[in-house]
Amino acid sequence: MDMNASDLAALRMLIVREQRGHWVSPHDIASHLAISTASTTKLLDRLTRSGHLERRPHPHDRRARIVVLSEAARTEFYRHLGARMTKMRVAVESYSDDELRAIVRFLGDMEEALTQEPDANPSATA
């Protein structure tokens, strides 16, 4: 199945929320993706038909429904994640401890440069 960006974003949201132990309603997905309820219904129908999602009754509110990953989607995600984690581990192991410290320092410096307020007088740093 080809998935569009909204489908993938919805699945990522479900994975993250599931890992945090949070239930997800169709409204949560609509809000997260900034799409209409009609578009959300179509998205959920599509992902349910493809076997990625299941709609279930809310555990504490009989009127509400929640959306959960199917067992097949969960297995596929963790299999894919495991393969990626192995590749990342191999990449990290190719660097020495000193190189890793330099990379961490560089990334910290970049984060600081991107998040700090710009100088009032930009010509002062030129």
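The values are calculated or read from the model by the stated rules, or taken from the named source; none is laboratory data. Please read all numbers here as calculations on a predicted model, not as lab measurements. Cβ coordinates were reconstructed from backbone atoms using ideal geometry, including for glycine residues, and neighbour counts include every protein chain displayed.
See the values below:
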item: Qualifying residue in segment 27-38 (condition: under 28 Å from S6 (Cα atoms), of a type outside the set (D, E) and not assigned by TED's automatic domain parsing to the domain that holds A9); result: no
item: Candidate set: segment 10-51, residues that are surrounded by 15 or more Cβ atoms within 10 Å (Cβ to Cβ) and among the acidic types (D, E); chosen: the one farthest from T75 (Cα to Cα); result: D28
item: Among (1) over 17 Å from L11 (Cβ atoms); (2) in contact with a helix residue (DSSP H, G or I) (Cβ under 6 Å, 6 or more places away or on another chain), the one test that T40 misses; result: (1)
item: Of all residues in segment 56-89 being outside any helix (DSSP H, G or I) and under 20 Å from the mean Cα position of the chain (by Cα), the one that is surrounded by the most Cβ atoms within 10 Å (Cβ to Cβ); result: V67
item: Test set (1) touching a Phe, Trp or Tyr at 6+ places or on another chain (Cβ under 7 Å); (2) part of a helix (DSSP H, G or I) - E111 fails condition number; result: (1)
